[in-house]
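Notes for the one structure printed next.
The values are calculated or read from the model by the stated rules, or taken from the named source; none is laboratory data. Since we're looking at a predicted model, the values are computed, not measured. Heads up, the Cβs are rebuilt from the backbone with ideal geometry, glycines too, and the neighbour counts pull from every protein chain shown.
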Amino acid sequence: MQAHVRNLRHPIRVTIDGETVELVTSGHLAAAVGRTPRTIRNWRAMNLLPKPPFVLHFKSPGACRWLYPADFVKAMAEITASGVIGNRMPKDRWDEFESMVDAAEEEFISPLLHGVTGPIKLRSAPRRSGGLATH
């Protein structure tokens with residue numbers, strides 16, 4: 001990932017079934033794959049990327065943060081570094097890209113969801129607990 005991107009938030013640590021997982025925003029994903037957040041939204045709309053599996057501040061539309069596991073973002077960086085896409089993604093490479101993304105999703109996102117459909121809503125925990133809780 002890039003060392004500094006303006007307005008990029010720090011990773012959020014959350015405990016899921018006793019395992020600590022780092023979650024990052026779509027902006028982290030965009031930085032990791034060398035694209036803009038708008039491109040990431042477009043890829044989601046075209047079903048080339050999965051919808052973010054976690055959401056923070058879901059009751060405040062302006063403060064809502066859609067989150068991906070950091071390991072998934074690292075896998076996406078590796079996929080884009082492999083050369084499957086260049087400055088533009090030709091339509092004939094969509095299937096290849098999508099199958100690689102699906103494999104990353106199965107490895108890094110699906111185990112955290114345990115069959116839950118839709119995003120998992122996170123709520124802020126008391127400051128002393130040092131983390132977030134799933135809702």
Identify the single condition in (1) closer than 20 Å to residue 118 by Cα; (2) within 13 Å of the chain's Cα centre (by Cα); (3) crowded, with 19+ Cβ neighbours inside 10 Å that residue 28 does not satisfy, given that it satisfies every other one.
(1)
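For region 55-69, does any single residue satisfy the condition of being among the basic types (Lys, Arg), buried (at least 16 other Cβ atoms within 10 Å of the Cβ), on the phi < 0 side of the Ramachandran plot and not in a helix (DSSP H, G or I)?
For region 55-69, residues among the basic types (Lys, Arg), buried (at least 16 other Cβ atoms within 10 Å of the Cβ), on the phi < 0 side of the Ramachandran plot and not in a helix (DSSP H, G or I): present.
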Report yes if residue 117 is of a type in the set (Ser, Thr, Tyr) and in a loop (DSSP other than H, G, I, E, B), otherwise no.
yes
Positions within region 38-51 being modelled with pLDDT under 90 and assigned to a loop (DSSP other than H, G, I, E, B), in sequence order
46, 47, 48, 51
What are the pairs, 6+ residues apart or on separate chains, where a residue within region 67-85 that is basic (Lys, Arg) has its Cβ under 8 Å from a residue that is surrounded by 19 or more Cβ atoms within 10 Å (Cβ to Cβ)?
74/32
Return the residue satisfying two criteria in turn: it lies in region 70-94 and is among the β-branched types (Val, Ile, Thr) and not in a loop (DSSP other than H, G, I, E, B), and of such residues it is farthest from residue 106 (Cα to Cα).
80
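With out of contact with any Lys or Arg (no Cβ under 9 Å at 6 or more places or on another chain) and under 25 Å from residue 12 (Cβ atoms) as the only criterion, which of 90, 69, 50 stands out? Spell out how you get there, then give the answer.
Details: 90 fails: under 25 Å from residue 12 (Cβ atoms); 50 fails: out of contact with any Lys or Arg (no Cβ under 9 Å at 6 or more places or on another chain).
After ruling out the rest, the residue left standing is 69.
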